[in-house]
Amino acid sequence: MAVKERFDEDYYERFYFDHRTAVTNQAEMDARGRLIAGFTDHVGQPVKRILDAGCGVGLLRKPLLKAWPKAEYVGLEVSEYLCKRFGWRQVGIQDFTAREKYDVVICYDVIQYLKPLEVRRAVANLARVCRGVLYFGALTKEDWEENCDQSRTDPAVMLRTGAWYRKELSKHFKHMGAGFWLIRDTPLYVWEMDTAGRA
């Protein structure tokens, strides 16, 4: 199914707007926004520009701008419906060609919809535009089998292992844990025991 047909009003009604079937809610995303802001402030990354790649209905916009009220928030979406409704830029991160740099880049619950070559292009683009902090999440095979509520989760994705994603991201980023990555050439640092180093 074409992207603009798949991610239509019915899709977002089911997974976001109807509280009986929604995969998340504003309270959960407010907490996630505070987590992103807390980590970013902790490592000392000043924030003037935020990129939310695959922003959906924009549930992270409010908490992020509450944390950084003077920052510019840019949302990317492939859904024609959402772009018309919310004014996001209509492009997937795998095809994003803008040259701007962003202090915080978010790519949450998006990449599992992409084919392997698209994932690699997406990760390269995340690295190209990220000045400091990346917050990344994707539904993995283990999540599908053990963690998520399958009745509220879109099954039409490509399930991969967490190790597969970590290998791709590690080409450009340093893993901090809890979904956070730092671009490899950043002057930011954290103490060794604050990272997701090897056991």
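Apart from one condition, Leu82 fits all of (1) buried (at least 22 other Cβ atoms within 10 Å of the Cβ); (2) of a type in the set (A, V, I, L, M); (3) farther than 26 Å from Asp41 by Cβ; (4) at pLDDT 95 or above; the exception is (4). One residue stands out among those in region 78-108 that are touching a residue at least 60 places away in the same chain (Cβ under 8 Å) and either of a type in the set (D, E, K, R) or part of a helix (DSSP H, G or I) (or both): the one that is farthest from Ser170 (Cα to Cα), which is Tyr81. Taking the numbered list (1) among the β-branched types (Val, Ile, Thr); (2) surrounded by fewer than 15 Cβ atoms within 10 Å (Cβ to Cβ); (3) modelled with pLDDT of 95 or more in turn, Ile111 passes all entries but (2).
Which of the residues spanning region 4-25 are assigned to a helix (DSSP H, G or I) and exposed (fewer than 14 other Cβ atoms within 10 Å of the Cβ)? Of everything in region 4-25, those that are assigned to a helix (DSSP H, G or I) and exposed (fewer than 14 other Cβ atoms within 10 Å of the Cβ) turn out to be Lys4, Glu5, Glu9, Asp10, Glu13, Phe17. In region 140-199, of all residues being assigned to a helix (DSSP H, G or I), in contact with a Phe, Trp or Tyr (Cβ under 8 Å, 6 or more places away or on another chain) and of a type outside the set (S, T, N, Q), the one that is farthest from Phe7 (Cα to Cα) corresponds to Leu169. Filtering region 126-155 to residues that are in contact with a Ser or Thr (Cβ under 8 Å, 6 or more places away or on another chain), of a type outside the set (Phe, Trp, Tyr) and farther than 14 Å from Ile50 by Cα leaves Leu139, Thr140, Lys141, Glu142, Ser151, Arg152.
The values are calculated or read from the model by the stated rules, or taken from the named source; none is laboratory data. This is a predicted model, so every value here is computed, not measured. FYI the Cβ positions are ideal-geometry reconstructions off the backbone, even for glycines, and counts take in every protein chain you see.
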